[in-house]
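Every number in this text was worked out from the coordinates using simple rules, so none of it is lab data. Being a predicted model, the structure only gives us computed values, none of them experimental. In this analysis, Cβ positions are derived from the backbone assuming ideal geometry, glycine residues included, and neighbour counts consider all displayed protein chains.
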Amino acid sequence: MRRRAILGYGAAGVGAVALMLFVGWWQVDGPGAPAPVGQRPVALTEMDFRLTDHEDNAVGPETLIGRPTMAFFGFTYCPDVCPTTLSDISGWLDDLGDEADEMNVVFITVDPERDTVETMAEYVGYFHPAIRGWTGPEEQIARVADGFRATYERVPTGSGDYTMNHTASVFLFAASGRFVTMIDYHEPREFAVPKIRRALEEEMEGAT
Amino acid sequence: MKKHTLTGTLAALLTLGGLSVPALAGPEDVVVVNAWSRASIGMNRPGAAYMTIRNTGDEPVTLIGLATPLAMMPEIHETKTNAEGVSSMSPAGEIAIAPGESVALEPGGLHAMLMRLQEPMTEGETFPLTLLFDDGGEVTVEVPILGIAARGPED
Ligand SMILES: [Cu+2]
């Protein structure tokens, strides 16, 4: 009798564990998973990194808090995607006009070996003046990318040269540091500008 | 196919004025329009050039490579962006263009990757770029060099 009770209890326990596992799977990997959660950047307030901007100022996530932020990764030896993204961003900023004045716009290199402070300064000088270029030691770049859930990888192109594969999306954060949304590469401008406005508006709400 | 070479040379001569003129050709030939590129900073970085290549002929044509005095390693590349938003770039291999079809080399997709520049790409100048086809034909276009922040042939 006693033994049977234990067995019954055990069976219920197994059932409960199975249910928990199922619920866990449903929420984490299954259809109940909130799709992009693993890929969403953390808030800027939760990031920790030290970089140098193209005017040799020490910068970090705290530099960005208090104003909405548009940030993206790239490298100055990038012939196609990076100048295109920088030109797109310059165009969006032109479209936004005065609205964009209170925004941080940051281009973070994934190739610090070649992208020194001087290199970044020269490069960003060809695009919209709001764009800041950030570089720093490789391990700090790795920390930034980790916070953004961005990836990058060095790929040899033959005869000692290399290129970088990297996340090409543009990330938008509210003035509070909260991640708002991202603009994917190839996204049409008519989608990009409203997304930037969303990040800008969130600042207004936070301010009131 | 000597015809490509001839018309290519003709096109190069026609475009020497720096106009963004089609490298035009007769029937069964290749027309290149809207060629452009961005200025470089110095010579250490690779450049990229863009254009639309039209096969106006009756036969398929296959683009197999590039040649230019501007760069020692010109190559047709393709940029791809995956579902995670990560962009990568690699040689595109041969590009077949069916009769009446065109292929666009444009930012974020196919591009003429100009590796090992022999001189800086200076805004306002042009450079000759020769497209090599599998039948031995060639078409040379004069590619205008626009500003570093150019977004398209009109900039
Ligand atoms: Cu390339």
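Summary of computed values
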read-out: Summed residue charge, Cβ within 12 Å of A:LEU44's Cβ, Lys/Arg positive, Asp/Glu negative; value: -1
read-out: Pair A:HIS186, A:GLU138: separation of 7 Å Cα→Cβ label points (nm); value: 3.1
read-out: Residues B:SER102, A:SER87, B:SER87 arranged by fewest to most Cβ contacts within 10 Å; value: B:SER102, A:SER87, B:SER87
read-out: 10 Å Cβ neighbours from other chains, averaged over peptide A:110-123; value: 1
read-out: Long-range amide H partners of B:ALA35 with built H, under 5 Å; value: B:THR52
read-out: Taking A:LYS195, B:LYS80 and counting other C-beta atoms within 10 Å, the order from fewest to most; value: B:LYS80, A:LYS195
read-out: Residue mean of other protein chain beta carbons inside 10 Å, B:86-93; value: 6
read-out: Whole-Å distance, taken between Cα centres, linking segment B:126-144 and segment B:57-100; value: 13
read-out: Neighbour-count order for A:HIS128, A:HIS54, fewest beta carbons within 10 angstrom listed first; value: A:HIS128, A:HIS54
read-out: A:ASN57/B:THR52 FRET efficiency (R0 45 Å; Cβ-Cβ; nearest 0.05); value: 0.55
read-out: Three principal axis lengths of segment B:25-146 [C-alpha, angstrom, descending]; value: 42, 38, 21
read-out: Added length on full extension, which subtracts the Cα-Cα distance from 0.36 nm per residue, A:VAL155 to A:LEU96; value: 17.6 nm
read-out: Cα radius of gyration and Dmax for segment A:44-207 (Å); value: 15.0, 54
read-out: Cα gyration tensor shape of segment B:98-144, rounded if a/c is under 1.5, else prolate or oblate by comparing a/b with b/c; value: prolate
